[in-house]
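Let me begin by presenting the structure, written as structure tokens, before commenting on it.
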Amino acid sequence: MQNLTIDQHLQEALAHLEEAINQSIHSVADNQASSKEIGGKWEHFLGQFYGMVKDKGKKSRVNLLSWISFAKIR
């Protein structure tokens, strides 16, 4: 049952990320000058995400990143 919840959260997160990507593309297509601002938002988000994974991993002594084969991600 817990795996179903994890899958649901990841699917929801993916849907939100897809919408953010679409809005980012449309925003920059409408105004090229906004690319720096939009890029900054993505850098901030990815930095927070990576930091959260590392911080929670340290606190729980569980290395989430070690479970992922980055070679398989394409």
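Remarks
- In the list (1) 0.93; (2) 1.72; (3) 1.06, the label attached to Rg/Rh (Cα atoms, Kirkwood Rh) as derived from the coordinates here is (3).
- The calculated FRET efficiency for the pair ASP55 and GLN23, based on their C-beta separation and a Förster distance of 22 Å, comes to about 0.20.
- For the residues GLY47, GLY57, GLY39, a GNM of the chain with alpha-carbon springs under 10 Å puts the largest fluctuation on GLY57.
- With Cα atoms, 0 to 90° folded angle of helix 2-30 axis to the chain main axis: 20 degrees
- Length gained when the stretch HIS16-ALA33 is fully extended (0.36 nm per residue, less Cα-Cα span): 3.7 nm
- Computed E for LEU64/ASN3 - FRET, C-beta separation, R0 22 angstrom, nearest 0.05: 0.90
Only the coordinates and a few stated rules stand behind these numbers; no lab work does. All figures in this text were calculated on a predicted structure; none of them were measured in a lab. Virtual Cβ from ideal backbone geometry, glycine too; neighbours counted across all protein chains shown.
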